[in-house]
Amino acid sequence: MGYAEERFGSLAVERMLEKADLPSQGAYTAVGHYPVEELIALADALCAVSEVARKEILIASGRRAMPYVIEMQAQNSKAPTSLETILASLQDLIHTNLEKLYPGSISPIFAFDVAEDGWAEISYRSQCPLADLAEGLILGILDYMATTTDVVREDLAPFDGHAARFRVKLPAS
């Protein structure tokens, strides 16, 4: 909700919640468990009231959320020291925080590898069609690390948001 209110204002958030017609009525807490369908319904409702594409909304939401996720994790362990380190820890960051908030939830799978050409490769697979959100999380890591670099996304079969590969150019060390 923070992203929506920050970008579009409280009136747009009210209209989004009315349009989404959610069982939770948009009343969320840090300890509640909410189906991914509500997230998608909220994104679609925000699309309708803002005329911004769902993809852009999900990317921006992930991008805004990731620095908070990193900071929460850094409070419990040491802060990341490099872009490569934090990209490699994406699976743990997401899984750890989802497990805290939603015990028993099924986390997406982020696999990390570094190619010999100096690019990091992060693959995303999930039961939820949220590759756009995953892209935003990766961009949020770049923001957090104050790094400007190239990111290339390739959607993978079945081409419905459940799987994607991201290549991130690592800065020369």
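Which of the DSSP-defined H helices in the chain satisfy a minimum axial length of 24 Å, computed from C-alpha atoms, and a minimum mean Kyte-Doolittle hydropathy of -1.0? Walk me through the numbers before you get to the answer.
On the way: long enough: 54-76 (33 Å, -0.36).
Helices meeting the span and hydropathy rule in the chain are 54-76.
Pull up all non-local amide H partners of LEU156: gap of 5 or more, or a different chain, and H-to-H distance under 5 Å with H placed in the peptide plane.
Amide H to amide H, under 5 Å and 5 or more residues apart or across chains, LEU156 pairs with ALA163, ALA164, ARG165.
For VAL114, what residues show an amide H to amide H distance below 5 Å, using hydrogens built from the backbone and excluding near sequence neighbours?
GLU121
What's the extension gain from LYS19 to GLU71 if we count 0.36 nm per residue and subtract their Cα-Cα distance? Before the final figure, lay out the partial values.
On the way: separation 52, 0.36 × 52 = 18.72 nm, distance 3.29 nm.
Result for the pair: 15.4 nm of gain on full extension.
Could you size up the charge dipole of the chain around its Cα centre, putting +1 on the beta carbon of Lys and Arg and -1 on that of Asp and Glu, and report it in debye to the nearest 20?
Working: 14 positive and 25 negative charges, 47 e Å.
Dipole magnitude for the chain comes out near 220 debye.
Could you look at the chain and say what percent of its accessible area is carbon and sulfur, using a 1.4 Å probe and all protein chains? Walk me through the intermediate numbers first.
On the way: 5090 of 9600 Å².
Carbon-and-sulfur percentage of accessible area, whole number: 53.
Over the chain, with the other protein chains present, what is the accessible area per residue in square angstrom, probe 1.4 angstrom?
Numbers: 9600 Å² over 173 residues.
Solvent-accessible surface per residue comes out at 55 Å².
Please report, in Å, the Rg and the Dmax of the chain, where both are computed over Cα atoms only.
16.4, 50
Would you list THR85, THR149 from the most to the least accessible area, probe 1.4 Å?
Values: THR85 70, THR149 40 Å².
Largest accessible area first, the list is THR85, THR149.
Name the residue from SER50, ILE122, ILE70 whose Cα lies farthest towards the positive end of the charge dipole of the chain, charges +1 on Cβ of Lys and Arg and -1 on Cβ of Asp and Glu.
Sorting the options by dipole projection puts first ILE70.
The values are calculated or read from the model by the stated rules, or taken from the named source; none is laboratory data. Everything numeric here is computed off the predicted structure, so don't read it as measured data. In this analysis, Cβ positions are derived from the backbone assuming ideal geometry, glycine residues included, and neighbour counts consider all displayed protein chains. Just the protein is used for accessible areas: all its heavy atoms, side chains included, with ligands, DNA and RNA removed. Shrake-Rupley method; radii C 1.70, N 1.55, O 1.52, S 1.80 Å.
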